[in-house]
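Have a look at the structure below before the remarks.
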Amino acid sequence: MVKIDDKLYQCEKCGSHYVEKNIAEECEEFCKKYNACNIEIIKYAVENK
């Protein structure tokens, strides 16, 4: 998980951006473990808003 600026965090594996750090960390953990995205997590990505 990478902090992009004061407002966004990015999953290093899939590149999705999140406002909440904990969701970005959860996304990255899932992506690394399963080499795929979890639809229940990525629905919170700013790209999907």
- Message: Checking the structure you have, find out if any residue of region 19-38 is of a type in the set (A, V, I, L, M, F, W, C), without any contact (Cβ under 8 Å) to a residue 12 or more places away in the chain and either buried (at least 19 other Cβ atoms within 10 Å of the Cβ) or assigned to a helix (DSSP H, G or I) (or both).
- Response: yes
- Message: Checking the condition at pLDDT 95 or above and basic (Lys, Arg), which residue from Lys3, Lys32, Lys7, Lys49 passes?
- Response: Lys32
- Message: When the residues of region 1-18 are narrowed to those that are within 8 Å of the chain's Cα centre (by Cα) and in a strand (DSSP E or B), which ends up nearest to Tyr44 (Cα to Cα)?
- Response: Tyr18
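The values are calculated or read from the model by the stated rules, or taken from the named source; none is laboratory data. Remember, it's a predicted structure, so these values are computed and weren't measured experimentally. When we count neighbours, we look across all protein chains shown, and the Cβ atoms used for this are built from the backbone with ideal geometry, even at glycine.
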